[in-house]
Each structure stands twice: as structure tokens, then as C-alpha cells.
Amino acid sequence: MLDWLPPNISTIGQEIDNFFYVIYYITNTVFFLVMATLIYFLIKYRYKEGREAKYYHGNNTLEVVWASVTLVALLILALASQPLWSKIKQDIPPSDIVVQITGKQFNWEVLYPGPDNIFGTGDDYQIDNNLHVPVNRVVRIVLKSKDVIHSFFVPSLRLKQDAIPGREILAWFEANKTGKYEIPCAELCGFGHSGMLGYLFVHSPEDYQKWQQETWPPDIEEVGL
């Protein structure tokens with residue numbers, strides 16, 4: 001189904017996709033019903049010689065039914081999405097891998113707290129646009145912005161979260177497949193918005209440990225895996 005979606009590498013991506021499919025097919029069903037009705041009316045009430053135009057006030061009962069069905073459908077979708085929404089936004093699992101990502105015009109500043117796992121100390125490591133994480137590990141993200149609203153978007157993780165000036169916003173993910181994946185900005189943030197692109201590198205445990213050893217000298221205590 002829907003082969004045009006990007007590959008899913010998130011542990012909760014399939015749940016997100018399944019809910020997306022539900023909304024997708026509901027809206028498509030409504031769309032085709034409306035289009036079929038429109039075509040029927042175009043044919044039925046097309047111009048005919050001698051036919052006089054008539055004014056119809058409307059059908060209050062039909063309008064109430066239509067509005068009620070729409071309201072009920074929205075309420076059902078809202079209630080059905082609550083467990084998934086809580087899992088994504090509220091019940092953030094614990095993790096010893098925390099990365100601070102700050103959006104600015106026009107790149108992502110990726111800050112690692114270093115072996116002491118504390119931001120703002122001498123062993124912090126900052127790079128632009130490249131996020132390195134191990135596979136099958138929960139990663140917590142602290143999102144910030146230096147200037148305008150940006151949107152941290154990793155399509156393959158089904159993760160999209162705005163970065164807002166003056167706020168720290170938590171997000172998380174767990175990638176289950178190694179590889180390199182794009183991190184575009186999904187919020188129009190200025191003339192260089194289209195070039196604001198980073199990359200997520202998901203490493204095997206061995207490769208991630210090697211990257212850590214290359215990042216922090218051996219005389220600094222390594223972060224345990």
C-alpha cells in the first residue's frame with residue numbers, strides 16, 4: 001500500500017503509517033463520493049431548451065446529518081489516535097543518548113554532551129547537519145531555535161517537530177535500520193530554507209562506538225554502550 005511513502009526505519013513508524021492509511025482512505029472515499037455526486041448533478045441538471053431555473057433553499061435535515069456524521073468521525077479519529085499520540089509526544093522513554101539540535105538560518109547545530117552526558121561542559125561536541133546515532137537504541141532530542149521557527153523532519157522516522165525560539169522541545173525516536181537519511185527543514189524559514197538539509201547516520205553498535213572513539217580522545221572516558 002502507498003509505495004510512495006519513504007521507507008520506515010522507526011519502531012513506531014508502522015503504527016503511524018496504519019493511522020495515516022485510515023485517514024487517507026476515509027478522505028479518499030469522501031472525495032470520490034462528492035465527485036460522483038457532482039458529476040451526477042452536472043448531468044441531471046445540465047442545460048435543456050425550455051427548462052426554467054429554480055431556486056432551492058436547501059435541506060436542513062440533510063445538512064444536520066452531514067455535519068453530525070463529520071463531527072462523529074472526527075471525534076472517533078481523535079479518540080483512536082490518543083494512545084499513539086501519547087506514545088509519540090508524552091510518554092517519552094528514558095535513554096542515556098541525548099542530543100541537542102538547534103535550528104538556525106540555515107543549518108542544524110547538533111550538540112553532543114560528551115562522555116559526562118552533561119551539556120555545557122568542555123567535552124561537548126558540536127557538528128553541523130550530521131546526527132550520528134546507534135541502531136535499536138532510544139535517542140532523546142532537545143530541539144531549540146536561534147532565530148525563527150524551523151521544523152525538524154526525518155521522513156523515514158515519521159518524525160516531525162517544530163523548533164521554536166525561546167523553547168526547548170523534547171522528541172525521541174528509535175531507528176531499527178542502519179543507513180543515511182535526510183533531515184530537511186519542513187517550515188519556511190527564509191531565503192535559504194530549501195538548502196537547510198542535514199543527515200541522520202544510523203550506525204551499528206560497533207560503528208557507533210568507533211565514531212565515539214574518533215570523536216572523543218581515548219584519554220576521555222568513553223560512553224558505555
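Could you work out Rg/(2.2 N^0.38 Å) for the stretch 48-118, with Rg from alpha carbons only? Spell out each step's value before the answer.
Working: Rg = 27.1 Å, N = 71, 2.2 N^0.38 = 11.1 Å.
Ratio of Rg to 2.2 N^0.38 Å for the stretch 48-118: 2.44.
Figure the gain on full extension for SER204 and LYS146 (residue separation times 0.36 nm, minus the Cα-Cα span) and round it to one decimal in nm. Spell out each step's value before the answer.
Values: separation 58, 0.36 × 58 = 20.88 nm, distance 3.21 nm.
Gain on extension, SER204 to LYS146, equals 17.7 nm.
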_Percent of Cα-Cα pairs more than 34 Å apart in the chain, please._
34
*For the chain, compute the number of Lys pairs whose alpha carbons are separated by less than 21 Å, excluding pairs fewer than 8 positions apart on the same chain.*
14
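Where does each of HIS150, HIS57, HIS132 land when they are ranked from fewest to most other beta-carbon atoms within 10 angstrom? Present the calculation step by step, with values, prior to reporting the outcome.
Details: HIS150 31, HIS57 5, HIS132 20.
Ascending number of Cβ neighbours within 10 Å: HIS57, HIS132, HIS150.
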*Report, to the nearest 10°, how far helix 205-215 tilts away from the longest principal axis of the Cα atoms in the chain, using its own Cα long axis and a range of 0 to 90°.*
60
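Place a +1 charge on the Cβ of each Lys and Arg in the stretch 98-215 and a -1 charge on the Cβ of each Asp and Glu, then give the dipole magnitude about the Cα centre in debye, rounded to the nearest 20.
Details: 11 positive and 14 negative charges, 75 e Å.
Computed charge dipole of the stretch 98-215: roughly 360 debye.
Nearest-5 percent of antiparallel DSSP beta bridges in the chain? Mind dumping the intermediate values first?
Details: 28 of 39 bridges.
Percent antiparallel among DSSP bridges in the chain is about 70.
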*asked:* Between ASN129 and LEU84, how high is the FRET efficiency from 1/(1 + (r/R0)^6) when r is the Cβ-Cβ distance and R₀ = 35 Å? Nearest 0.05.
replied: 0.75
*Would you give the gap between the C-alpha center of the stretch 83-101 and the C-alpha center of the stretch 160-216, rounded to a whole Å?*
15
*asked:* Output the 0 to 90 degree angle, nearest 10, between the alpha-carbon long axis of helix 13-44 and the longest principal axis computed from the alpha carbons of the chain.
replied: 20
_Based on Cα coordinates alone, diagonalise the gyration tensor for the stretch 98-215, multiply each eigenvalue by 5, take square roots, and list the semi-axes in whole Å, largest first._
22, 17, 12
*Relative to the longest principal Cα axis of the chain, at what angle does helix 60-85 sit, 0 to 90 degrees, rounded to 10?*
10
*What residue among GLN209, PRO83, PRO134 has its Cα farthest toward the positive end of the dipole of the chain, where the charges are +1 on Lys, Arg and -1 on Asp, Glu, each on the Cβ?*
PRO83
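Fewest first, what order do TYR47, TYR181 take by the number of other Cβ atoms within 10 Å?
Working: TYR47 6, TYR181 19.
Listing TYR47, TYR181 from fewest to most nearby Cβ atoms yields TYR47, TYR181.
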*asked:* Sort 20-31, 104-115 by packing, meaning the average of other beta carbons within 10 Å per residue, with the highest value first.
replied: 104-115, 20-31
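Could you work out [θ]222 nm for the chain from helices alone, using -39500 (n - 2.57) per DSSP H run of at least four and dividing by all its residues? Round to the nearest 500 deg cm²/dmol.
-11000 deg cm²/dmol, from helical runs alone.
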_Three-way shape label, the stretch 13-90, alpha-carbon gyration tensor, a/c 1.5_ = oblate
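Can you tally the net charge around GLY190? Count Lys and Arg as +1, Asp and Glu as -1, for every other residue whose Cβ sits under 14 Å from the Cβ of GLY190. Let's see the in-between values first.
On the way: positive: LYS104, LYS146; negative: ASP147, GLU187.
So the environment of GLY190 carries a net charge of 0.
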*In a shell of Cβ-Cβ distance under 14 Å around ALA175, excluding ALA175 itself, what net charge do Lys and Arg (+1) and Asp and Glu (-1) give?*
+2
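Just so you know, all these numbers are worked out from the coordinates, no wet-lab data involved. Owing to the predicted nature of the structure, the values given are computational and were not obtained by experimental measurement. Every residue, glycine as well, gets a Cβ built from its backbone with ideal geometry; the counts of neighbours run over all protein chains shown.
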